[in-house]
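The values are calculated or read from the model by the stated rules, or taken from the named source; none is laboratory data. Small disclaimer: the values here were computed from a predicted structure and weren't measured. Cβ sites come from the backbone with ideal geometry, for glycine too, and all protein chains shown count toward neighbours.
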Amino acid sequence: MGNQQIKVNQIQKQAGKITFKFGLRMLQDAFKSLDPRQISFGDLKGILVANGLNINTTNYDISYYLTNWENWLVLFNEFLLDEIKYYSEKFDCDNHAFLVSSLSSLLMLLNSCGVVHCQVYDKTTKKLIAGHFCNIIVTSNNEIYLYDLNNGGGWVKYKAGQDTIIKNWIYKNFDYCFYF
């Protein structure tokens with residue numbers, strides 16, 4: 001790489017840092033009006049169980065902050081998450097799920113978007129595709145939604161006893177989740 005290209009890269013990095021810093025501050029200020037509901041981890045776990053998901057759940061915080069589903073859709077619909085590419089074994093489903101959870105904490109100051117492990121099946125053939133990570137969100141209305149950046153940013157309200165389908169995948173066998 002030539003000296004001129006190195007200088008261009010340094011300018012781009014500096015401009016990116018400045019843009020990110022001010023953009024982050026502006027986004028956080030824009031979400032201050034959410035007025036989230038604060039609950040304990042025990043209450044969060046209780047909502048999961050009440051909705052039929054009595055699975056191993058690990059928490060990393062004492063309190064959790066919830067908002068309604070409409071506010072979650074703002075994050076998913078307005079922040080170009082669909083621009084985030086999939087790279088097998090480098091930046092795949094687990095990385096995507098942790099990123100969405102982290103972005104919701106960073107931008108919206110909400111930590112009720114967890115990461116859940118499950119298995120996904122083809123909707124047509126019913127054959128197992130793979131083990132998979134996606135996001136599990138607890139709302140202020142005590143509802144649970146799954147969001148999957150890897151499946152086109154699709155989402156669905158979780159209903160116990162019913163197939164959980166996003167686009168062409170069926171999500172089953174939820175076995176553990178993390179909230180941090």
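So which residues in the stretch 100-138 are part of a loop (DSSP other than H, G, I, E, B) and farther than 26 Å from G23 by Cβ? Give the derivation first.
To start, the set of residues in the stretch 100-138 that are part of a loop (DSSP other than H, G, I, E, B) comprises 109-112, 123-127.
Correct list: K123, T124, T125, K126, K127.
When both residues are 6+ apart or on different chains and their Cβ atoms are under 7 Å apart, which pairs have a first residue that lies in the stretch 52-74 and is farther than 17 Å from L107 by Cβ, and a second that is of a type in the set (D, E, K, R) and at pLDDT 95 or above?
The qualifying pairs are I55/D175; N56/D175; T57/K45.
Give me the pairs, please: first residue somewhere in the stretch 130-151 and in the same structural domain as C93 (by TED's automatic domain parsing), second residue anywhere and assigned to a strand (DSSP E or B) and of a type in the set (F, W, Y), beta-carbon distance under 6 Å, and either six or more positions apart or on two chains.
Filtered contacts from the stretch 130-151: N135/Y147; I137/Y145; Y145/W155; Y147/W155; N151/W169.
How many residues does the stretch 53-87 contain that are exposed (fewer than 14 other Cβ atoms within 10 Å of the Cβ) and assigned to a strand (DSSP E or B)?
The first filter runs over the stretch 53-87 and keeps only residues exposed (fewer than 14 other Cβ atoms within 10 Å of the Cβ), leaving 54, 56, 58, 60, 62-63, 70, 73, 77-78, 80, 82-83, 85-87.
From what's left, assigned to a strand (DSSP E or B): 56, 58, 63, 87.
Result for the stretch 53-87: 4.
Applying the selection to the stretch 158-176, what residues are without any contact (Cβ under 8 Å) to a residue 60 or more places away in the chain and either under 17 Å from C93 (Cα atoms) or in a strand (DSSP E or B) (or both)?
T164, I165, I166, K167, N168, W169, I170, Y171, K172, N173
Go through (1) surrounded by fewer than 13 Cβ atoms within 10 Å (Cβ to Cβ); (2) in contact with a Lys or Arg (Cβ under 9 Å, 6 or more places away or on another chain) and name the single condition K90 misses.
Single failed check for K90: (2).
How many of the residues making up the stretch 16-41 are outside any helix (DSSP H, G or I) and over 15 Å from W72 (Cβ atoms)? Quick ask: steps written out before the conclusion?
As a first pass, look at the stretch 16-41 and keep what is outside any helix (DSSP H, G or I): 31, 35-40.
Subsequent filtering for residues that are over 15 Å from W72 (Cβ atoms) retains 38-40.
Number satisfying all stated conditions: 3.
Out of curiosity, is D43 modelled with pLDDT of 90 or more, more than 26 Å from D163 (Cα to Cα) and surrounded by 10 or more Cβ atoms within 10 Å (Cβ to Cβ)? Talk me through it step by step, then tell me what you get.
On the way: modelled with pLDDT of 90 or more: yes; more than 26 Å from D163 (Cα to Cα): no; surrounded by 10 or more Cβ atoms within 10 Å (Cβ to Cβ): yes.
So D43 does not fit the description; no.
Could you please let me know if R37 is without any contact (Cβ under 8 Å) to a residue 40 or more places away in the chain and farther than 18 Å from N135 by Cβ? I'd like the intermediate steps shown before the answer.
Numbers: without any contact (Cβ under 8 Å) to a residue 40 or more places away in the chain: no; farther than 18 Å from N135 by Cβ: yes.
In short, no.
Can you tell me which residue among S40, S33 is of a type in the set (S, T, Y) and closer than 30 Å to Y176 by Cα?
On the way: S33 fails: closer than 30 Å to Y176 by Cα.
Just one listed residue meets the conditions, S40.
Suppose the filter is under 12 Å from the mean Cα position of the chain (by Cα), over 28 Å from N168 (Cβ atoms) and surrounded by 14 or more Cβ atoms within 10 Å (Cβ to Cβ); does L110 pass it? Spell out the reasoning first.
Working: under 12 Å from the mean Cα position of the chain (by Cα): yes; over 28 Å from N168 (Cβ atoms): yes; surrounded by 14 or more Cβ atoms within 10 Å (Cβ to Cβ): yes.
Here the answer is yes, as L110 does meet what is asked.
Could you list, in sequence order, all residues of the stretch 157-180 that are surrounded by 15 or more Cβ atoms within 10 Å (Cβ to Cβ) and among the hydroxyl-bearing types (S, T, Y)?
Residues satisfying the conditions are Y158, T164, Y171, Y179.
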